[in-house]
Structure formats: C-alpha cells, structure tokens
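The values are calculated or read from the model by the stated rules, or taken from the named source; none is laboratory data. Source: prediction; values computed, not measured. Using ideal geometry, Cβ is built from the backbone for each residue, glycine included, and neighbour counts are taken over all protein chains shown.
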Amino acid sequence: MLAGLGASMDDEAFFRAEGGAYFANPISAGPWRAQSLMGRCVTGLFGYEIERRHMTEGFVPARLTVELYDLADFTAITVETRLLRDGGRVRLVEADLICGGQARARATCQLLRHTEAPGGNVWSPPEWDAATPDQLQDEATRWKWHLRVAGGEMGTFGRKRVWLKDYRTLVAGVPLSPFVQAAMACDSVSPFTHGGDRGVEYINTEATMYLHRAPRDGWIGFDVADHQATDGLAIGQARLYDLHGPIGFASAAALAQRRPPGMTPGVGTSEK
C-alpha cells in the first residue's frame, strides 16, 4: 500500500521510508521516461542522507555535486555514504544512490566550517532587485511545488528570474530542512537555464550547488546568469537567493533530448 493513500495528492510526500529503504510515491514521477523519478527527488534524497549522517553544528554544505548518470525508478532505493575526510575545517562525503540493485547516481558534498571573515572588500554583483514571492502569483497548477516568475516567462526565449518553494515533504513525516530544500531545488537550475521557446529540450546529467550559507526560509530565488551550448551539449548557471539575500549559485551540464509524442509539453523523455 502506498504511503499517502487517503491523503491529498496536494500534500503527499515524494518518498516513504520503510525497512531501511525509500519507496517513491507516484507524485515523484519525472518527465523523461515512464516509471522514472524526477531529478529533484534524487538530489533531495542525497541531501537528506548526507545531512542526517554527516552534518554537525558549525559546518556548512558549501558544495553539493550530483552525477545523474542513470534514471532512478520506483523500486526500493538506498543511499550509501562514505566519509572521505573529517578534518577540523573541511569534511568530504561521497554517496551512491542504489536503485534496483544498481548504482544510478553519485554525489559528493564538501562541508566547510565558518570562521572569522578577513578584512577588505571584494566585488560581488549588485543586490537582487526581483519582485518578492508575496508580490507574485503561482504558475499553472501542473507544477508540483510553488513556482513564481519574477522575470521572463517559462517556455519563452529570454532571461528568467524565478522563485521556487516546495510545499510537500521529501520523506513522509520528516519536515524539510533548509539544506534539503536547497538540494531539491538545485536540480531546477537545468530547466531554468536550458529552457527556451520550445520548452525544455535538454536533460541534465549533473547538478552542482555552491552555498556560503544555508537558506533561512523555504523560498529560493533563481537568477539565470548563463547558458551556453554546442552540438547538443549545454551548460548553465544561476545565482541563488533567499528572502534575505544571496546564498550561492548552481550549475548544470545537460544533453539535448527530443520530446516523443504524449509527454508533457516543455519536457522530454529518453534514457541518458
């Protein structure tokens, strides 16, 4: 019996935990192939397990890289983690996502300890002047999270500014932490940077997020900074914000994919 049965699909968690494994609920289905999971579920699960097992007070997850080299499905999922270094200021974690008895994705996370800031001034971009989420309306209800556009339109050509916030939990019964919220959101850098006037026709093979601090609330803002592509290979980058200011940036590498008939407009399907 699926977890969340009897609960509204509007608030169903992406996963249920059972017997040391995770089982995806139907809401976790992704756009690229039947019976595969969304990338945000994979990046989020890595963030959840790394935080649960290896994050302690004083350390900040400065970088999370997830290699999405295969598509996870609805069979039982486990996450295996390894502590590669546990220093006083630097901690490095490696993790594999096992699905159907095979490794489907790998992550590395570098945790750094905050210290005393040096003196002097260093240039950084001007303050973000995008409209805040309370000034905007949610996009179409087909999205499985709150999505509010502050600049540019989804499915069009042009630079985009977007606010994103998950309203459902990743694992049933476990509130979203700020880091897990960010880990789930970082996969979205690919559609935001690689999407154009024909929708999203690139599937990302990895997602990397850099943070100098954890987000302090649920809303994460994306300001698309770059997209470059040659012969179907694309790279993209976006600055990240919360309601208090900049928190870091995220990037993604991606490969071109065509949309087969019957799939959701703006996304595609196929294998990596």
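Number of residues in the stretch 151-176 that are within 19 Å of the chain's Cα centre (by Cα) and either crowded, with 18+ Cβ neighbours inside 10 Å or at pLDDT 90 or above (or both): the value is 16. Are any of the residues in the stretch 27-43 among the charged types (D, E, K, R), under 14 Å from the mean Cα position of the chain (by Cα) and not in a loop (DSSP other than H, G, I, E, B)? Taking every residue of the stretch 27-43 in turn, at least one turns out to be among the charged types (D, E, K, R), under 14 Å from the mean Cα position of the chain (by Cα) and not in a loop (DSSP other than H, G, I, E, B). For the list (1) closer than 29 Å to I247 by Cα; (2) of a type in the set (A, V, I, L, M); (3) assigned to a strand (DSSP E or B), I need the number of the one condition that A17 fails. All conditions are met except number (1). Of the residues making up the stretch 73-95, those that are assigned to a loop (DSSP other than H, G, I, E, B) and under 24 Å from R40 (Cβ atoms) are F74, T75, A76. Just one of the listed residues (R16, R85, R52) is free of Cβ contacts under 8 Å to residues at least 12 places away in the same chain and under 19 Å from G173 (Cβ atoms), and it is R52.
Just one residue in the set A229, A214, A256 is at pLDDT below 95 and more than 17 Å from the chain's Cα centre (by Cα); that residue is A256. Screening the candidates R33, R91, R40, R63 for the property of being charged (D, E, K, R) and under 17 Å from V171 (Cβ atoms) yields one hit, R40.
Selection within the stretch 20-38: residues that are surrounded by fewer than 19 Cβ atoms within 10 Å (Cβ to Cβ) and under 14 Å from V79 (Cβ atoms). The member of this set that is modelled with the lowest pLDDT is G20.
Taking into account only those residues within the stretch 216-238 that are crowded, with 23+ Cβ neighbours inside 10 Å and not hydrophobic (A, V, I, L, M, F, W, C), which is farthest from S124 (Cα to Cα)?
The extreme case among them is G236.
Looking only at the stretch 225-244, decide whether some residue is within 29 Å of R16 (Cα to Cα) and touching an Asp or Glu at 6+ places or on another chain (Cβ under 7 Å). Yes - at least one qualifying residue is present in the stretch 225-244. Of all residues in the stretch 62-97, which are β-branched (V, I, T) and surrounded by fewer than 18 Cβ atoms within 10 Å (Cβ to Cβ)? Answer for the stretch 62-97, where residues must be β-branched (V, I, T) and surrounded by fewer than 18 Cβ atoms within 10 Å (Cβ to Cβ): T75, T78, T81, V90.
Taken over the stretch 123-138, the criterion of being of a type outside the set (A, V, I, L, M) and surrounded by fewer than 16 Cβ atoms within 10 Å (Cβ to Cβ) is satisfied by W123, S124, P125, P126, E127, W128, D129, T132, D134, Q135, Q137, D138.
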